[in-house]
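A quick write-up on the structure given underneath.
No lab work stands behind these numbers, since they all come straight from the coordinates. On a predicted model such as this, the values are computed, not experimentally measured, just so you know. Reconstructed Cβ throughout: ideal geometry from the backbone, glycine too, with neighbour counts over all protein chains shown.
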Amino acid sequence: MRIVLLGPPGAGKGTQAAILTDYYKVLHLATGDLLREEVAKASELGLKAKGYMEKGELAPDELVIDMVINKLNSPEAEKGFILDGFPRNVAQAEAFGKRLAEKSINLDNVIYLETSEDIIVKRLTGRRICRACGAVYHVVNIPPKVKGVCDKCGGELYQRKDDTIETIKNRLKVYNQQTAALIDYYKKEDKLFMVSGDVDTRELFTKLQEYFKKQNII
């Protein structure tokens, strides 16, 4: 299984990727987590990324792709992988595709979670994150057993500053501007599968399972 999960902020990519990777025993790879991991390890790539981050700059695409390819070559990815929210634009998709081809790695599919703005706003404004371990909750959909306290480690739960209605709508505007061409790109590659991200987590998981079986991905 070699899958890319795409969708706007709040589409449920991270939640669905976690469920899928646990069920199919493949690698869940989110570039933000990977960057932090490499920086923490003080690897050669991590030290390069740290230099950009300390200046308040984004790590360049080439560096991020190097990290992703290295991870995909590791034993953790032998059974497959699910990339969470990457690539983000056509330039990244083209560069990433060339690097995959060099390694004789083919993407099975790109899954795009189509999600309405109302649903996204409800999800993100209700999102809470553990300061200690990063676990994600939702005040309605996935509430902790004790309000404000992480079930896993007992850490404090907080709301991200960018999970406000005004900020969310701006993020969606930027995301849509950047990704419209990306959707067309993967359509032309005949790799895109679009599915509603408005449905609940279990229903979406079932739909994806059915699709994977039809495509003989599993």
Using just the C-alpha positions of region 155-218 as equal point scatterers, what log10 of I(q)/I(0) does the Debye formula give at each q in 0.13, 0.27 1/Å?
-0.62, -1.08
Loop only by DSSP, 13 or fewer other Cβ within 10 Å of the Cβ. Give me the GluC sites (Glu not before Pro) in region 164-218 that pass, ordered by residue number.
189
List, in order, the whole-Hz ³J(HN,Hα) value for each residue of region 87-95 obtained from phi through the Karplus relation with A = 6.51, B = -1.76, C = 1.60 and θ = phi - 60°; use x for Gly and Pro.
x, 9, 8, 5, 4, 5, 4, 5, 5
Label-point gap, in nm, between residue 76 and residue 184 - each point 7 angstrom along Cα→Cβ
3.6
Using just the alpha carbons, could you tell me how many Å³ per residue the convex hull of region 18-108 encloses?
104
So between residue 119 and residue 139, what do we pick up on full extension, going 0.36 nm a residue minus the alpha carbon distance?
5.8 nm
The size of the Cβ-based charge dipole (Lys, Arg +1; Asp, Glu -1) of the chain about the Cα centre, to the nearest 20 debye, is 420
For the chain, list log₁₀ I(q)/I(0) at each q in 0.13, 0.16 Å⁻¹, using the Debye formula over Cα point scatterers of equal strength and ignoring solvent, two decimals each.
-0.82, -1.29
Ratio for region 93-197, C-alpha Rg to 2.2 N^0.38 Å, reads 1.38
Tell me which aspartates and glutamates have Cα within less than 17 Å of residue 173's Cα, excluding those fewer than 8 residues away on the same chain?
114, 117, 118, 162, 163
Counting only other residues whose beta carbon sits under 11 Å from that of residue 119, what net charge do I get with K and R as +1, D and E as -1?
-3
Selection from 201, 31, 93, by position along the positive dipole direction of the chain (Cβ)
201
The chain, Gaussian network, Cα under 10 Å: of 116, 196, 74, the residue fluctuating most is 74
FRET efficiency for residue 62 and residue 176, Cβ-Cβ distance as r, R0 = 22 Å, nearest 0.05?
0.30
Round to a whole angstrom and tell me the spacing of the C-alpha centers of region 72-92 and region 153-189.
19
Name the most mobile residue of 20, 63, 113, meaning the one with the largest mean-square fluctuation, in a Gaussian network model of the chain with Cα contacts below 10 Å.
63
Projected onto their principal axes, the Cα atoms of region 8-47 stretch, largest extent first, over whole-Å spans of 31, 25, 11
For region 1-97, run through the GluC sites (Glu not before Pro) and keep only the ones in DSSP coil with at most 14 other Cβ atoms within 10 Å of their Cβ.
57, 78
Only sites in a loop by DSSP and with at most 14 other Cβ atoms within 10 Å count here; which trypsin sites (Lys or Arg not before Pro) in region 1-77 make the cut?
25, 55
